[in-house]
Amino acid sequence: MNVHTQQSKEKEEVRARIIKGASALFFKEGIKVVKMDDIARHLSMSKRTIYEQFSDKEQLLIECIKLIYRDMRELAKEEIRKSSNNTLDVILILYYIHFEMIKRANKHFFIDLMKYPNIIKQREQKEKSNNRKFKAWIEQGISEGLFRPDANSDILMYILKRDLEIIVTSEEFYDFSADELGKNFILFYLRGIATMKGQEIIEKFIEETNSKETKQ
């Protein structure tokens, strides 16, 4: 390995370490209260080293969000591979992982995210892709006999998106645990559009989830 290659590798390792460390801090403390000095202390490195990699806090935050959602995707792929037999299983696993993330995050994390224009833009772009997938899943679920044939995927997509955002950004929900929110979200929305066959899958999923949480 030549000197240039070694330096590039070391630079990438430092960059990855900063992103991982900053992600953990943002998640635990919220974004607004965490300063670049805090990240430097947390990582036992100089602030200058961080600024050599990232021009400002928002640029670092963008990379942190990418890492968080990349880790979620990898976890989702593994869980879906192990546990899914149909479209409803996939949706339930994804929502479970989403609410597990909410449970681990500081309550101000998601509110703080909405104060960064580039984060909002990135999120809107990602939502377009997610909306297409969700619509396809609902339609697939209808064809599998899991959702009611009169379920309108466009309306459902809008309601779910709106209410998920309210759940994670409104102080009205601070007194409820992520587990409570997740279960009631599933009961209220997914069970409401499920057929008897789909409802049986949902009941089994909630039962298994309750069992996991009891053992933790």
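From the residues in the stretch 69-104 that are hydroxyl-bearing (Ser, Thr, Tyr) and out of contact with any Asp or Glu (no Cβ under 9 Å at 6 or more places or on another chain), which one is nearest to residue 144 (Cα to Cα)? Working first, answer last.
Within the stretch 69-104, the subset hydroxyl-bearing (Ser, Thr, Tyr) is 69, 83-84, 87, 95-96.
Still in the running and out of contact with any Asp or Glu (no Cβ under 9 Å at 6 or more places or on another chain): 69, 84, 95.
Values: 69: 29, 84: 14, 95: 20 Å.
Applying the filter and picking the extreme gives 84.
Give the residues of the stretch 174-202 that are among the charged types (D, E, K, R), surrounded by fewer than 17 Cβ atoms within 10 Å (Cβ to Cβ) and free of Cβ contacts under 8 Å to residues at least 40 places away in the same chain, sorted by residue number. Reasoning before the result, please.
Keep residues of the stretch 174-202 that are among the charged types (D, E, K, R), which gives 175, 179-180, 183, 191, 197, 200.
With surrounded by fewer than 17 Cβ atoms within 10 Å (Cβ to Cβ) added as a condition, the list becomes 175, 179-180, 191, 197, 200.
175, 180, 191, 200 - these are the residues of the stretch 174-202 that are among the charged types (D, E, K, R), surrounded by fewer than 17 Cβ atoms within 10 Å (Cβ to Cβ) and free of Cβ contacts under 8 Å to residues at least 40 places away in the same chain.
Quick one: which of 156, 113, 160, 146 is out of contact with any Lys or Arg (no Cβ under 9 Å at 6 or more places or on another chain), aliphatic (A, V, I, L, M) and crowded, with 16+ Cβ neighbours inside 10 Å?
On the way: 156 fails: out of contact with any Lys or Arg (no Cβ under 9 Å at 6 or more places or on another chain); 113 fails: out of contact with any Lys or Arg (no Cβ under 9 Å at 6 or more places or on another chain); 146 fails: out of contact with any Lys or Arg (no Cβ under 9 Å at 6 or more places or on another chain).
That would be 160, the only listed residue that is out of contact with any Lys or Arg (no Cβ under 9 Å at 6 or more places or on another chain), aliphatic (A, V, I, L, M) and crowded, with 16+ Cβ neighbours inside 10 Å.
Would you point out which residue out of 104, 70 is over 25 Å from residue 170 (Cα atoms) and among the charged types (D, E, K, R)?
70
Among the numbered criteria (1) part of a helix (DSSP H, G or I); (2) surrounded by 17 or more Cβ atoms within 10 Å (Cβ to Cβ); (3) out of contact with any His (no Cβ under 6 Å at 6 or more places or on another chain); (4) free of Cβ contacts under 8 Å to residues at least 60 places away in the same chain, which one does residue 34 miss?
Of (1) part of a helix (DSSP H, G or I); (2) surrounded by 17 or more Cβ atoms within 10 Å (Cβ to Cβ); (3) out of contact with any His (no Cβ under 6 Å at 6 or more places or on another chain); (4) free of Cβ contacts under 8 Å to residues at least 60 places away in the same chain, only one is false for residue 34: (1).
Tell me which residues, restricted to the stretch 60-85, are part of a helix (DSSP H, G or I) and among the polar types (S, T, N, Q). Give the steps one after another, and end with the answer.
Within the stretch 60-85, the subset part of a helix (DSSP H, G or I) is 60-83.
Passing the criteria: only 83.
Evaluate the stretch 56-72: report whether one residue or more is more than 27 Å from residue 123 (Cα to Cα) and touching a helix residue (DSSP H, G or I) at 6+ places or on another chain (Cβ under 8 Å). I'd like the intermediate steps shown before the answer.
To start, the set of residues in the stretch 56-72 that are more than 27 Å from residue 123 (Cα to Cα) comprises none.
The answer is no; no qualifying residue exists.
Values in this text are rule-based calculations from the coordinates and carry no lab data. Predicted model only: the values in this text are computed from it and were never measured. Heads up, the Cβs are rebuilt from the backbone with ideal geometry, glycines too, and the neighbour counts pull from every protein chain shown.
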